[in-house]
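For reference, the structure discussed in these notes is given below.
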Amino acid sequence: MNQNNTPAEAINRDDVVAALKQVYDPEIPVDVYELGLIYDIKIEGSKVSVTMTLTAPNCPIADEVVEQVRNGIWAVKGVQDVDVALVFEPEWTPERMSEEAKLMLNMY
C-alpha cells in the first residue's frame, strides 16, 4: 500500500527499462541497459530490485552511476521502494551489449 493506504499501481517493466535507458555510462555514449550492465530486474508489488554491474570494477564514479539508476527507477509510476545491487560477478564483457549498442559504437 502507498502512503494513501490504497493499493499501489502495478509497475510496468517497460517503464523501468525506459528509465534505465536514460542513464548513461560516463565514459561510453550508450545507456546502461543497452550496454548490458543491467543483469536482472525484479518487480515485487511496489518494489523494484535491480542487479547491475559496471564496465570496470574500479570505476571512479560507481556511486554516481548507481545513484542515477536508483533515481531513474524512483521516477517510475507506482514505485515505492528501490534496491540496486552492484555486483562484479559475472564480469561484464562487450558481448553483453545489445545489437543497438554495438551499432552505436561501430563494433561490427
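Across the chain, Cα pairs under 8 Å and at least six residues apart give a relative contact order of 30 percent.
Charged side chains reduced to their Cβ positions (Lys and Arg at +1, Asp and Glu at -1) give the stretch 13-93 a dipole of some 300 debye around its Cα centre. The stretch 47-108: D in µm²/s via Stokes-Einstein (Kirkwood Rh, Cα pairs, 37 °C, 0.692 mPa s)? The calculation lands on 247 µm²/s. Model label sites at VAL17 and ILE61, defined 7 Å from Cα along the beta-carbon direction, differ in position by 2.7 nm. Coupling constants for the stretch 88-98 follow from the phi torsions by the Karplus curve (6.51 cos²θ - 1.76 cosθ + 1.60, θ = phi - 60°), and in residue order they are 10, 10, x, 5, 6, 9, x, 5, 6, 5, 6 Hz; glycine and proline get x. Over the C-alpha trace of the chain, radius of gyration and Dmax come out as 14.6, 52 angstrom. Taking trypsin sites (Lys or Arg not before Pro) across the stretch 1-83, the ones in a DSSP loop with at most 14 further Cβ atoms lying within 10 angstrom of their Cβ are LYS77.
Of all DSSP-defined beta bridges confined to the chain, some 55% are antiparallel rather than parallel.
Values quoted throughout were computed directly from the atomic coordinates according to the rules given, and no laboratory measurement underlies them. Quick caveat, the model's predicted, so the values are computed rather than measured. Because the Cβ atoms are built from the backbone with ideal geometry, glycine has one as well, and the counts that use them run over all protein chains shown.
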